[in-house]
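The structure under discussion appears below in the form of structure tokens.
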Amino acid sequence: AVVFTASMSCIWADTASSELSGAIVFFTSPSEEMYTDGVGGEGQLRLWLDKNVGLAFAVGTADWDVERTVRVADNFGSGQLDASGNVTLIPLGGSVLVRSAGEAAHVVLEAGLRYVVVESDVNMLFTIRDAHGRVTDTIMDEEEIEDGIVAVVALDLNVKLADSVWLFGGVGYQADVSKGDTTSKLFDQDYGDGKNELAAVLLHGGLRICF
């Protein structure tokens with residue numbers, strides 16, 4: 001997954017300080033069986049306890065596109081599941097921040113957890129064929145996806161633009177801690193391994209501002 005972040009950070013200081021950030025986020029999921037790409041945003045309130053250690057409280061939203069096909073076959077015929085649509089994700093959580101020294105530039109390491117509320121708008125089409133390949137039935141269905149939890153790590157390089165403004169960019173990764181179940185609304189059963197994967201590689205950059 002790929003993420004771009006635009007946000008707003010604090011100047012380097014020896015005392016405690018606070019900052020607000022807002023992020024534009026682009027996703028490309030490495031789990032191609034689940035998702036294709038997505039876009040969203042995240043806001044953070046960062047509270048620096050001293051010049052090196054801080055806490056971040058985050059809330060965001062994102063839409064991830066779904067496009068996948070599953071096929072099964074035996075001697076009596078075959079079945080194909082085509083799923084398409086999107087899911088809306090609302091991540092809520094916090095992080096621990098560690099900041100290096102530097103007057104004009106510094107590095108920030110972030111590690112945290114996000115509880116991800118998932119709203120599914122995924123339609124599924126089942127196509128059933130006999131042993132000769134003729135379509136014998138089609139069924140429309142919807143996919144329901146439960147909430148999940150991800151762990152997030154990121155490393156940013158911050159460069160000072162003005163007294164209260166920093167330009168930053170970096171990389172990160174979010175990993176599944178608890179995967180939400182995926183089920184058919186019509187038949188109330190799982191497809192595939194029945195788990196939703198939200199793992200993503202992150203690439204971000206933007207601005208932060210102090211207050």
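The values are calculated or read from the model by the stated rules, or taken from the named source; none is laboratory data. These numbers come from a predicted model, not from an experiment. For neighbour counting, all protein chains shown are included, and Cβ atoms are generated from backbone atoms with ideal geometry for every residue, glycine included. Keep in mind that these areas ignore ligands, DNA and RNA; they rest on the heavy atoms of the full protein, side chains included. Shrake-Rupley method; radii C 1.70, N 1.55, O 1.52, S 1.80 Å.
With viscosity 1.306 mPa s and temperature 10 °C, the Kirkwood radius over alpha carbon pairs of segment 50-94 converts through Stokes-Einstein to a diffusion coefficient of 108 µm²/s.
For segment 58-126, which whole percent of the accessible surface, found with a 1.4 angstrom probe, sits on carbon and sulfur atoms? Show your work: numbers first, answer last.
Numbers: 2020 of 3390 Å².
Carbon and sulfur: 60 percent of the exposed surface of segment 58-126.
Over all other residues within a Cβ to Cβ distance under 11 Å of Ile90, the charged ones net out to -3, with Lys and Arg as +1 and Asp and Glu as -1.
Across the chain, C-alpha contacts under 8 Å between residues 6 or more apart give a mean separation that, scaled by the residue count, equals a relative contact order of 23 percent.
Annotation: per residue accessible area for the chain equals 50 Å², rounded to a whole number [probe 1.4 Å, protein chains only]. The Rg/Rh ratio for segment 75-166 is 1.35, where Rg is the radius of gyration of the alpha carbons and Rh is the Kirkwood radius.
Considering only trypsin sites (Lys or Arg not before Pro) in DSSP loops that have at most 15 other Cβ atoms within 10 Å, the longest stretch of the chain without any of them is 1-133. Near Leu125: Cβ cut-off under 12 Å, other residues only, Lys/Arg at +1 and Asp/Glu at -1. The net charge is -4.
Over segment 125-164, Cα pairs under 8 Å with separation of 6+ residues give a relative contact order of 27 percent. For the chain, the orientation-averaged shadow of the C-alpha convex hull comes to 11.6 nm² (one quarter of the hull surface). At most 14 other Cβ atoms within 10 Å plus a DSSP loop assignment makes a site exposed; report the longest stretch of the chain without any exposed GluC sites (Glu not before Pro). With a cap of 14 other Cβ atoms within 10 Å, the longest stretch comes to 104-211.
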